[in-house]
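Here, each number is a calculation from the coordinates, and none is a lab measurement. Note that the coordinates shown come from a computational prediction; the quantities given were computed from them, not determined experimentally.
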Amino acid sequence: ETTPAEIVMEEATPKKEQNREYNIYTSEDRRRYFYFIYEKLMKPKQAEIAANVNYDTARKWKKAYQDDPEKKVPVKKTNLTS
């Protein structure tokens with residue numbers, strides 16, 4: 001068994017940097033997606049391609065709309081701190 005005095009500490013390896021680029025969607029992008037879904041009666045996959053929106057993002061928008069249709073088009077959730 002090793003004693004604490006015998007343990008050699010080494011520097012931890014630096015964490016890998018996350019170089020992710022996130023898409024920034026405007027309210028117009030959201031409206032365009034819902035236009036294709038509800039006015040043009042496209043399937044979600046077709047509407048997502050036509051509106052140039054990520055599939056998972058579009059799926060979240062549609063779910064938010066179905067959960068509360070009174071709110072109309074879902075708006076971006078931001079962390080407003082000042």
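Observations on the structure shown:
- Exceeding the 30 Å Cα-Cα cut-off - candidates Lys16/Lys71; Lys40/Lys71; Lys16/Lys43: Lys16/Lys71; Lys16/Lys43
- Counting only residues at least eight positions apart within a chain, or on another chain, the aspartates and glutamates with an alpha carbon under 20 Å from that of Lys63 are Glu28, Asp29, Glu39, Glu48.
- Available extension along the chain between Ile49 and Ile24 is 7.4 nm, counting 0.36 nm per residue and deducting the alpha carbon span.
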